[in-house]
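Okay, so here's the structure we're looking at.
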Amino acid sequence: MHYEGTIYRPPSEANSILLQITTGCSHNRCTFCEMYRDKRFTVKEMATIMADINFAAAHFPHHRKLFLCDGDALVVPQAKLVEILRAIRQHLPGLARVATYANVKSIRFKSDEELAELVELGLTMACVGLESGDDVTLTAINKGNDSAQAIAQCTRLHRAGFKLSLTVLLGIAGIARSEIHARETGRVLTAIDPKFIGALTLMLTPGTPLFADAEAGRFHLPGARGVLRELEIMFETTTLSGGLFHANHASNYLPLRARLPRDRERALSEIRAALRGETSLKSESLRGL
């Protein structure tokens, strides 16, 4: 496979074929993220992509999932993306799912008909970094969209037939807007009603603008208790029609997995026990990205 730079994928794609059809991220301006800082965004040549599809077909014919890398495959022009998906279907007919990262800006590039066409060709899951539902926080981290735009574009994906997996970041609003961030994120998650939610806890990364802000005293990351309080508020304010809410990423202090609304009270009970000091939290040395 012709990989360029470090390849990232969601935890749920651990056993997937990773097909890199773009390099880098089309936005690449979020203040907390350093994932693609070393790459210029490009769409890879079709000959390279086809060589990798053929390699995957020869070496991983029984894999059930494929993930389109890097940061955002939806910015690929529709005709080329359709050609890629048809080649995947032809050479890897046993796949049950093709997924990709997507951001709010790039979803807008596709018409409703184009999104439906992608689903018909097998691209059925989109992983979207919501991060927060608080517009002040979204502006501060230079996300490139507000909450209304996130709701509108994710709703379009939903209508087209995509399953949605949304990521939110505990701690991203700092101490000052911590509880506002949690409540507003619950509001937006409820409006979108995704199939999956993954809550990560912010870990400041050297080289990012947010790390520099923290070093200069302009940003203050909530401690473990503050982050748990955010998680509590999110569970209180998020209503899903049967979606899974995961908070078991390596960055989190308290691993949780709950189906909402069924497991809401159980999850809240576990969070509140941790806030009372009755449950051991993950040590800082064991947390990671």
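Values quoted throughout were computed directly from the atomic coordinates according to the rules given, and no laboratory measurement underlies them. Bear in mind the structure is a predicted one, so any value in this text is a computation, not a measurement. When we count neighbours, we look across all protein chains shown, and the Cβ atoms used for this are built from the backbone with ideal geometry, even at glycine.
Quick check on my filter: what residues within the range 195-210 are farther than 13 Å from LEU260 by Cβ and in contact with a strand residue (DSSP E or B) (Cβ under 7 Å, 6 or more places away or on another chain)? Steps first, answer last, please.
Going residue by residue through the range 195-210, those that are farther than 13 Å from LEU260 by Cβ are 198, 200-210.
Result: GLY198, LEU200, THR201, LEU202.
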Exclusive hit being within 20 Å of HIS27 (Cβ to Cβ), in contact with a Ser or Thr (Cβ under 9 Å, 6 or more places away or on another chain) and buried (at least 16 other Cβ atoms within 10 Å of the Cβ), set GLU131, GLU184: GLU131
Filtered residue count, the range 106-131, keeping only those that are of a type outside the set (S, T, N, Q) and more than 19 Å from ILE88 (Cβ to Cβ): 9
Residue within the range 201-216 that is of a type in the set (Val, Ile, Thr) and surrounded by 21 or more Cβ atoms within 10 Å (Cβ to Cβ) present: yes
Whichever residue in the range 86-104 is in contact with a helix residue (DSSP H, G or I) (Cβ under 9 Å, 6 or more places away or on another chain) and closer than 15 Å to SER16 by Cβ and, among such residues, is surrounded by the most Cβ atoms within 10 Å (Cβ to Cβ): THR100
Yes/no for LEU130 being part of a strand (DSSP E or B) and closer than 30 Å to HIS181 by Cβ: yes
Test result for ASP70, acidic (Asp, Glu) and in contact with a strand residue (DSSP E or B) (Cβ under 6 Å, 6 or more places away or on another chain): yes
Residues (aromatic (Phe, Trp, Tyr) and assigned to a helix (DSSP H, G or I)) located in the range 56-92: none
Condition broken by ALA160, with the remaining ones in (1) crowded, with 16+ Cβ neighbours inside 10 Å; (2) more than 21 Å from ASN103 (Cα to Cα) satisfied: (2)
Contacts under 6 angstrom Cβ, first residue in the range 36-52 being among the aromatic types (Phe, Trp, Tyr), partner not in a helix (DSSP H, G or I), 6 or more apart: TYR36/GLY24; TYR36/CYS25; TYR36/ASN28; TYR36/GLY71; PHE41/GLY24; PHE41/SER26
Filter result for VAL75 (within 20 Å of VAL43 (Cβ to Cβ) and under 17 Å from the mean Cα position of the chain (by Cα)): yes
PHE196 being crowded, with 20+ Cβ neighbours inside 10 Å and aromatic (Phe, Trp, Tyr): no
Condition met for THR42 (under 30 Å from PRO209 (Cβ atoms) and in contact with a Phe, Trp or Tyr (Cβ under 8 Å, 6 or more places away or on another chain)): no
Qualifying positions in the range 233-258 - of a type in the set (Ser, Thr, Tyr) and crowded, with 18+ Cβ neighbours inside 10 Å: THR238, SER251, TYR253
